[in-house]
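Have a look at the structure below before the remarks.
The values are calculated or read from the model by the stated rules, or taken from the named source; none is laboratory data. Computed from a predicted model, the values in this text were never measured in an experiment. Cβ placement follows ideal geometry from the backbone for every residue including glycine, while neighbour counts extend to all protein chains displayed.
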Amino acid sequence: MNAEVKSAPRISYLVASDVGSRDGIGLETYVDECCVMEIFRDDSERRTYMTVFAKDVDLATVEASILMFKDSINENSMAHEHE
């Protein structure tokens, strides 16, 4: 009987700004070199949202990504004009 041994997925993050079609900064999460999700702070819309690109993203990966986003990108640094 051959038992398949699975290794833990390799998770990495990339912080990238976008000033083209959107205006803000985001954290991309990669699992085994495949982008599975992005958390993006849109400064023009003054909101933060998450986009999931893969099916069945592990909850631990989502939670770790949220923590990494909060540690890496200061949500309070959005421009608040007219306030």
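Take the residues of the range 19-66 that are among the acidic types (Asp, Glu) and crowded, with 16+ Cβ neighbours inside 10 Å: which is farthest from the chain's Cα centre (by Cα)? Taking the candidates together, the pick is Asp43.
Of all residues in the range 3-48, those satisfying the criterion of being touching a strand residue (DSSP E or B) at 6+ places or on another chain (Cβ under 8 Å) and β-branched (Val, Ile, Thr) are Ile11, Val15, Ile25, Thr29, Val31, Val36, Ile39, Thr48.
Filtered by the rule that a residue be at pLDDT below 95 and among the polar types (S, T, N, Q), the range 49-83 gives Ser72, Asn74, Asn76, Ser77.
Among residues of the range 9-18 being over 17 Å from Ala54 (Cβ atoms) and more than 11 Å from the chain's Cα centre (by Cα), the one that is surrounded by the fewest Cβ atoms within 10 Å (Cβ to Cβ) is Ser17. Counting only residues that are in contact with a Cys (Cβ under 7 Å, 6 or more places away or on another chain) and farther than 14 Å from Ser72 by Cβ, the range 10-53 holds 1 of them. With respect to the conditions (1) touching a residue at least 24 places away in the same chain (Cβ under 8 Å); (2) of a type outside the set (Ser, Thr, Tyr); (3) at negative phi, Arg46 lacks only one, and its number is (3). Quick check on the range 1-13. Is at least one of its residues in contact with an Asp or Glu (Cβ under 6 Å, 6 or more places away or on another chain), closer than 13 Å to Met68 by Cβ and in a strand (DSSP E or B)? Checked against the condition, which is being in contact with an Asp or Glu (Cβ under 6 Å, 6 or more places away or on another chain), closer than 13 Å to Met68 by Cβ and in a strand (DSSP E or B), the range 1-13 yields no hits at all.
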